[in-house]
Structures are given as structure tokens and as C-alpha cells.
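A quick write-up on the structure given underneath.
Quick note: the coordinates plus some simple rules give every number you see, no bench work behind them. The shown structure was predicted, so the numbers you read here are calculated from the model rather than taken from an experiment. So basically every Cβ, Gly included, is an ideal-geometry build from the backbone, and we count neighbours across all protein chains shown.
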Amino acid sequence: MKILLTGGAGYIGSHIAVELCNQGYEVIIGDNFSNSKPEVLNKINTIVGKEIEFHEIDFTNKEATFELFEKSNIDAVIHLAGLKAVGESCIMPIEYYRNNIVSTLNIAEAMKKYDVRNLVFSSSATVYGVPKELPLKEGMPTSCTNPYGWTKLMNEQILTDISKANPSFSVVLLRYFNPIGAHESGLIGEDPNGIPNNLMPYITRVAKGVLPELNIFGNDYPTKDGTGVRDYIHVVDLAKGHVDAIKFVETHAGIEIFNLGTGVGYSVLDIVKTFSKVNNIEIPYQIVGRRDGDVAECYADPSKAKEELGWIATKSLEDMCRDSWNFAKNN
Ligand code: NAD
Ligand code: UDP
């Protein structure tokens, strides 16, 4: 099977490319490098021991998207291409809506025209908004607090409507919790531009001495130690979930939603302490005020993915902290 990975040069996509190749799938990556670098492709090729087909393409360009489908004989699509920074989306909503919605529409339209019926879409736990009940289950109400989140929820709706109108179309919406970690080779991982927004890349920059200390956003939440709790998932576990989702869409029609998380919540202080312990590096930190829009706690009920996809996260928080540092210290 030939799988198109949109956004495949990015953090999560690069790990999915590796796992798909490991399972014998043929992979085509399409990316415009708006948030990734061409060097990643060589690193993926080194890990898998062969050259993966790559196309530099912007999926908001309908003509280019159709051309790629016309010439490529694609069997399934994993659609990751998108802008993903919550804060930036509040400053540049037009760019976020255009990029994230138009690319999905173009891909869905090309899939219809070229009779490609299987799609896996990268959604996010952010669509649950402020959780009223935990753990989060797929059937719980959704809502969003920022344009990025709305693009995910709108894409979920668009794909739901398309799948209703085209009963042979098979779609899986994967709601990711908090991916961290890196491939064990240390060749691919998360390397954001500028000052990181997310916790783990911020910690690794403090560990490298690039940033002086971590700012912990609030220690007065109703959690075990007052700091925010999240469901951190190793990016390799997450990537394997996509391989299982591809197997699922091959054999099912209609649309299904799956949480990809571990089901376990860790606090910011848990992450800092575990990172320090496994890597033997002190992470200086200070407690500052809460960050706007943050929720106290968020973690998944991943049992639907276990039952229906046969997927379960296997890597520990220690693995995530060790692999994040192994990548960051060499890059
Ligand atoms: P990333 O920025 O590393 O990867 C996204 C890739 O898409 C980048 O390589 C970027 O260059 C490319 N891209 C963006 N717009 C494009 C376009 N119009 N045409 C072609 N390529 C384009 O991000 P990631 O962390 O790997 O996330 C992948 C997907 O998963 C995104 O859709 C993101 O919203 C979603 N997601 C990520 C997280 C997370 O915490 N990392 C959590 C939930 C969901
Ligand atoms: N966080 C923090 N300092 C940082 C970045 C994040 O204390 O510099 C906290 C944040 O408040 C949240 C957790 O770490 O409780 C995870 O934040 P991240 O931005 O990584 O993911 P989110 O769940 O917000 O998408």
C-alpha cells in the first residue's frame, strides 16, 4: 500500500514515516517546510535504509494537490500538514483557517476525484475544551478556546459530513494528547523554531543552557502538586497508532474517532523531576502565573483505541524524557 503523509517532514510525521516503512508500507511525503527542514528527509532515509519519495508541495494549492494524486497512485492518506501553535493562531487566525481548512478540503476533493478512500486525520485533545469530566472519552462534548482548536474541530466536522455523503469513504480521526520523546536513534525529534511554547522542548533548551530556567505556569491548580496535569505520550507510540489506524481504515467504512493517549496524567513537576533523574541534569525553574487558556488536568481514556485498533502505548515517562534529551543534545 502506498500512503501519502502530508506534513511528513514534521515532528510526528517523520516518526510515522519510519513506522510505516518498518511495517512494509510504501510512503510518499508531501510538505512545504513551513515548519520543518529538508535535512529531516535524509535522517528518515538513514533510519529506514532506503530513499522515501518526497514532494515539496503546499496543500493549500489545489492544482498542485490534484497533480500529486494524478501521478502518484495513492492508496491512503495520513493528513498531518497544518499549523499548530495555539498562541500564534490567536494572532494570525486568517492564516490558520486558510492553511488548516483549505488543505483538508483540497485533499478530500482530490481523494474523491482519484478514488482514494482511506484517510487518517491528525486531530487533537484540544477539541475537548475545558474538561468537565475525566478521563476524556471520544463521545464527550467538544468545544474550543482558540482558532487552532477550531480548525481541528471544523476539520472533524468537514470529514464527518464528507464521510456521510460518501459511504465508501473510510476516515479515522485521531485525537492526540501530548506527544513528547523522539526516535531512539536520536536522529529525528522535535526541534521548534524560536522559543518553544511546549513544555518538553523548553526543558531540553534549559538543559542545554540555551534558556536560563523553566517558567512553570501556575502551582495553584487543583492537582496533586498544584501544577498542570497532562497525558504525555511517546511520539513513537503515537506513530504506531497511525499504522494501526491505517489497518483499520483498510477494513472499515465510515468515520471513527480515537483518543491516542496513555490514560495517565503527569504534572509539570513530575516531568521536571523525571527528566532530571533519568538524564542526571538539574532543571532550574521558577513558578510564574497561570498561562491563559490552560486547563488544570487533561488525560485520555484510551480504551477505544485498545479495543478497536488493538493499540496501546507502551513507553514510560522515563523513556520519553531520555529520548527527548538524546535527540535534543545532538541537534
Ligand atoms: P509539525 O509542525 O512538526 O509538522 C507539520 C508539518 O506540516 C510541517 O513539516 C509543516 O512544514 C507542514 N505543513 C504545514 N502546512 C502545510 C501545507 N499547507 N502544505 C504542506 N505542508 C504543510 O507539527 P507536528 O507536531 O508534527 O504535528 C503534526 C499534526 O499533528 C498537526 O496537524 C498538528 O496540529 C497535530 N497535532 C500535534 C500535536 C503536538 O503536540 N505536536 C498535538 C495534537 C495534534
Ligand atoms: N508548561 C509550563 N511551562 C512551559 C510550557 C508549558 O509550565 O514553558 C505547562 C503548561 O501550563 C501545561 C503543561 O506544561 O500544564 C503542558 O503544556 P504544553 O504547552 O506542552 O501542552 P498543552 O497541553 O498546553 O498543549
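FRET efficiency for the pair residue 90 and residue 56, taken as 1/(1 + (r/R0)^6) with r the Cβ-Cβ distance and R0 = 35 Å, rounds to 0.75.
Using R0 = 51 Å, the C-beta based FRET efficiency linking residue 157 and residue 185 works out to 0.85. The distance from the alpha carbon centre of segment 206-277 to that of segment 92-165 is 20 Å, rounded to a whole number.
Sorted by average packing, counted as other Cβ atoms within 10 angstrom per residue and highest first, what order do 200-210, 115-125, 11-21, 287-297 take?
Working: 200-210: 19.0, 115-125: 22.0, 11-21: 25.5, 287-297: 14.0.
Output ranking for 200-210, 115-125, 11-21, 287-297: 11-21, 115-125, 200-210, 287-297.
Each of 255, 221, 238 was placed along the dipole of segment 213-331 (beta-carbon charges, centred on the mean Cα), and the one lying farthest toward the positive end is 238.
The Kirkwood hydrodynamic radius of the chain, based on inverse pair distances between different Cα atoms, is 20.1 Å. Here the contact order of segment 1-103, divided by its residue count and restricted to Cα pairs under 8 Å and six or more residues apart, works out to 33 percent.
The slack between residue 45 and residue 307, meaning 0.36 nm per residue of separation minus the straight C-alpha distance, is 91.0 nm. With R₀ fixed at 30 Å, the C-beta to C-beta distance from residue 102 to residue 291 puts the FRET efficiency at about 0.55. Working from label points 7 Å from Cα in the Cα-to-Cβ sense, the residue 75 to residue 115 distance is 1.6 nm.
When you restrict to C-alpha pairs under 8 Å that are six or more residues apart and normalise by the size of the chain, the relative contact order lands at 19 percent. Exceedance of the 27 Å cut-off in Cα-Cα distance is limited, within the set 50/247; 112/137; 132/224; 152/304, to 112/137. The label-point distance for residue 22 and residue 193, in a model that sets each label 7 Å from Cα toward Cβ, rounds to 3.0 nm.
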